Amino acid sequence: MSAKILVIEDNDLNRKLFNAILESGHYDHISAADAEEGLKLAKEHHPDLILMDIQLPGMDGLTATRHLKEDPVLKNIPVIALTAYAMPEDKEKALSAGCDGYISKPVDVQTLLERVSFYLEKAGKETG
Ligand code: MN
């Protein structure tokens, strides 16, 4: 049984890219284009890991992560932030919002798969 990853990303091309990368890593994946839909899918599917874009229309990824981390049922799901800028303060913001880690965009295929596998393993999940 492969791990299920939820991708929350508003950019269509990025979302397709992340899904294709996860596909190549043999992960099950579901995706949402905004935080509200993403939170709904998280509640419905209880994914093993979430890739969270920080810049989203409406509710941003940091706020969505705070909601996830306040939810007793969902708080243990690792959340990896996808940050557009590799600025130190953005990384700090992501971590203080409860993100377990972050990846800077543009995302490198190998880095994404390695990070996903690392956080799944850390959470005691199958790595695909
Ligand atoms: Mn975005």
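The values are calculated or read from the model by the stated rules, or taken from the named source; none is laboratory data. This is a predicted model, so every value here is computed, not measured. Counting neighbours? That spans all protein chains shown, and the Cβs are built from the backbone with ideal geometry, glycine included. In case anyone asks, the SASA skips ligands and DNA or RNA and just uses the protein heavy atoms, side chains included. Shrake-Rupley method; radii C 1.70, N 1.55, O 1.52, S 1.80 Å.
Do any strands (runs of 3 or more DSSP E) entirely within segment 42-128 hold 1 or more residues that are without any contact (Cβ under 8 Å) to a residue 40 or more places away in the chain and open to solvent by less than 10 Å² (accessible area, probe 1.4 Å), and if so, which?
Values: elements: 49-53, 79-83, 101-104.
Result: 79-83, 101-104.
Here are some residues: 32, 20. Which one is of a type in the set (Gly, Ala, Ser) and over 11 Å from the mean Cα position of the chain (by Cα)?
Working: 32 fails: over 11 Å from the mean Cα position of the chain (by Cα).
Answer to the check: 20.
So in segment 59-92, with the set limited to residues that are small (Gly, Ala, Ser) and farther than 17 Å from residue 49 by Cα, which one is modelled with the lowest pLDDT?
Only one residue fits best here, namely 86.
Among residues belonging to segment 1-34 that are open to solvent by 30 Å² or more (accessible area, probe 1.4 Å), away from the ligand (no atom under 15 Å from the Cβ) and out of contact with any Gly (no Cβ under 8 Å at 6 or more places or on another chain), point out the one that is nearest to residue 119 (Cα to Cα).
4
Scan segment 12-41 for residues that are out of contact with any Leu (no Cβ under 9 Å at 6 or more places or on another chain) and part of a loop (DSSP other than H, G, I, E, B) and jot them down.
Correct list: 26 only.
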